[in-house]
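In what follows, a single structure is set out as structure tokens and then discussed.
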Amino acid sequence: MVTRYPIDHHNLSEHDRLILHALRLYYEHDLTQAEIADRMGFSRPKVTRLIAEGRDRGLVEITIVEPAGGFTHLEIALEEHYGLDEATVVASDDDRQTTELTAGGMCGALLGRVCTPESVLGVSWGISTRALADAVPSMSFRCHKIVSLVGGMGRVKPELHSNQVATTLADKLGVESSHLVAPAVARSASSRNELMEMPGIEEVLEEAAGCDIAVVGIGGILPTATMIQAGYFTQERFLEFKDRGAAGDVCCHFLDAMGTPCLPEISERVVGLTLEELRAIPKTIGIVTGAEKTAGVAAVLKGGFVGTLVCDQDLAGSLLEIPRGGGARDEGR
């Protein structure tokens, strides 16, 4: 919709009239700038300057009418607040599973836009990445291969493990997948080192580190955390991580509120990508829903470990309440 500001025509100069004439032809009559130049007998650069001056002087106002249920304002606000390359926001439904599947579908659409037949796609574990695998239609986009970013064994529901997420996606897309046949978090650093010597694990981790696009879930320090369900930590010990400064995790590595890595003794046990390797991936997409994860998601975004975010409106609103600054993205990293 174009709205003209009322102007006293008695005070209009000839230059003002030319500006208004060009604006009407451009915005109301849909003429191109070249057509306006021919019609008014001016050069095209002069028409461009007239239209630009009209906008600068407030002689025309353009209002974009967003359909009901659109979240463009939240998406742009998130991009600016956290320095993201892109944010996609979906509606928050009373049924959490519906919200998860909607986010999964939007993440799938995003992958359809950025993946190529040569792309190697890495995936982590959890409810949100599982929702992506469930929501993606068969053969909806093309990639070269799917790779697990963290180990895929544990007590948690098998369908939530990275290996099963990778298998489901690979089957739907008709491509191969590489699995990490190991727990995501080993019992100790020495156990992790022993696992690294097993055939195949080091090779898959090299593939994961070299992937073109990664999709990762983001966790919070919550009693419902997947790490607790998987049996890697008791609920009591896991919740104590908050007292030690942890705000959340990505690929099983913990971060404080500023996005700085913490709990290094846990990271030493992770059979998966390091944080440095995750940050080095050209395009990393975080998929997560639920305002209860706000602190963890903000930490991951501030740390610069995710450049693209898919989330729901409740989480988006809460993220925008977190103060700016303090993270790796603000340090130019």
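The values are calculated or read from the model by the stated rules, or taken from the named source; none is laboratory data. No experiment lies behind these values; they were computed from the predicted model shown. Glycine also receives a Cβ, built like all others from the backbone with ideal geometry; neighbour counts cover every protein chain displayed.
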- Item | Members of the stretch 168-202 found to be under 21 Å from Glu118 (Cβ atoms) and of a type in the set (Val, Ile, Thr), listed by number | Val175
- Please work out if Pro199 is over 19 Å from Ser318 (Cβ atoms) and at pLDDT 95 or above. no
- Item | Qualifying residues in the stretch 25-46 (those that are within 40 Å of the chain's Cα centre (by Cα) and not hydrophobic (A, V, I, L, M, F, W, C)) - the one surrounded by the fewest Cβ atoms within 10 Å (Cβ to Cβ) | Asp30
- Within the stretch 118-148, the residues that are crowded, with 24+ Cβ neighbours inside 10 Å and in contact with a Cys (Cβ under 6 Å, 6 or more places away or on another chain) are Leu121, Gly122, Ser124, Leu132, Val147
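Taking the stretch 160-172 as the search range and keeping residues that are out of contact with any Lys or Arg (no Cβ under 7 Å at 6 or more places or on another chain) and among the aliphatic types (A, V, I, L, M), which one is surrounded by the fewest Cβ atoms within 10 Å (Cβ to Cβ)? Spell out the reasoning first.
So in the stretch 160-172, the residues out of contact with any Lys or Arg (no Cβ under 7 Å at 6 or more places or on another chain) come out as 161-164, 166-172.
Narrowing the set further to residues that are among the aliphatic types (A, V, I, L, M) leaves 166, 169-170.
Working: Ala166: 28, Leu169: 23, Ala170: 21.
Here the residue is Ala170.
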- Note on the structure: Looking across the stretch 74-108 at residues that are surrounded by fewer than 16 Cβ atoms within 10 Å (Cβ to Cβ) and either aliphatic (A, V, I, L, M) or not assigned by TED's automatic domain parsing to the domain that holds Val310 (or both), the single one that is nearest to Ile285 (Cα to Cα) is Ile76
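What residue, of Leu263, Leu275, Leu239, Leu315, is hydrophobic (A, V, I, L, M, F, W, C) and more than 26 Å from Pro183 (Cα to Cα)?
Values: Leu263 fails: more than 26 Å from Pro183 (Cα to Cα); Leu275 fails: more than 26 Å from Pro183 (Cα to Cα); Leu239 fails: more than 26 Å from Pro183 (Cα to Cα).
Unique residue meeting the criteria: Leu315.
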- Message: Testing Gly54 on (1) in contact with a helix residue (DSSP H, G or I) (Cβ under 6 Å, 6 or more places away or on another chain); (2) surrounded by fewer than 20 Cβ atoms within 10 Å (Cβ to Cβ), one condition comes back false. Which one is that?
- Response: (2)
- Would you check if Arg17 is surrounded by fewer than 16 Cβ atoms within 10 Å (Cβ to Cβ), over 30 Å from Ile127 (Cα atoms), in contact (Cβ under 8 Å) with a residue 24 or more places away in the chain and not assigned by TED's automatic domain parsing to the domain that holds Phe305? no
- Scan the stretch 80-95 and give yes if some residue there is of a type in the set (Phe, Trp, Tyr), under 12 Å from the mean Cα position of the chain (by Cα) and within 26 Å of Cys252 (Cβ to Cβ), otherwise no. yes
- Query: Of the residues that sit in the stretch 228-253 and are out of contact with any Gly (no Cβ under 9 Å at 6 or more places or on another chain) and among the aliphatic types (A, V, I, L, M), which one is surrounded by the fewest Cβ atoms within 10 Å (Cβ to Cβ)?
  - Reply: Leu239
- Pull up the stretch 254-282, narrow it to residues that are over 18 Å from the mean Cα position of the chain (by Cα) and in a strand (DSSP E or B), then point me to the one that is surrounded by the most Cβ atoms within 10 Å (Cβ to Cβ). Gly272
- Message: For the stretch 207-223, check the following and say yes or no: at least one residue is β-branched (Val, Ile, Thr), within 16 Å of the chain's Cα centre (by Cα) and assigned to a helix (DSSP H, G or I).
- Response: no
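Could you list, in sequence order, all residues of the stretch 187-227 that are among the polar types (S, T, N, Q) and either crowded, with 18+ Cβ neighbours inside 10 Å or within 15 Å of Val271 (Cα to Cα) (or both)?
If we filter the stretch 187-227 for residues that are among the polar types (S, T, N, Q), which is where we start, we get 188, 190-191, 193, 224, 226.
Those that are among the polar types (S, T, N, Q) and either crowded, with 18+ Cβ neighbours inside 10 Å or within 15 Å of Val271 (Cα to Cα) (or both): Ser188, Ser190, Ser191, Asn193, Thr226.
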- Message: Conditions first: (1) touching a residue at least 24 places away in the same chain (Cβ under 8 Å); (2) more than 21 Å from the chain's Cα centre (by Cα); (3) surrounded by fewer than 20 Cβ atoms within 10 Å (Cβ to Cβ). Gly151 passes all but one, so which condition is the exception?
- Response: (3)
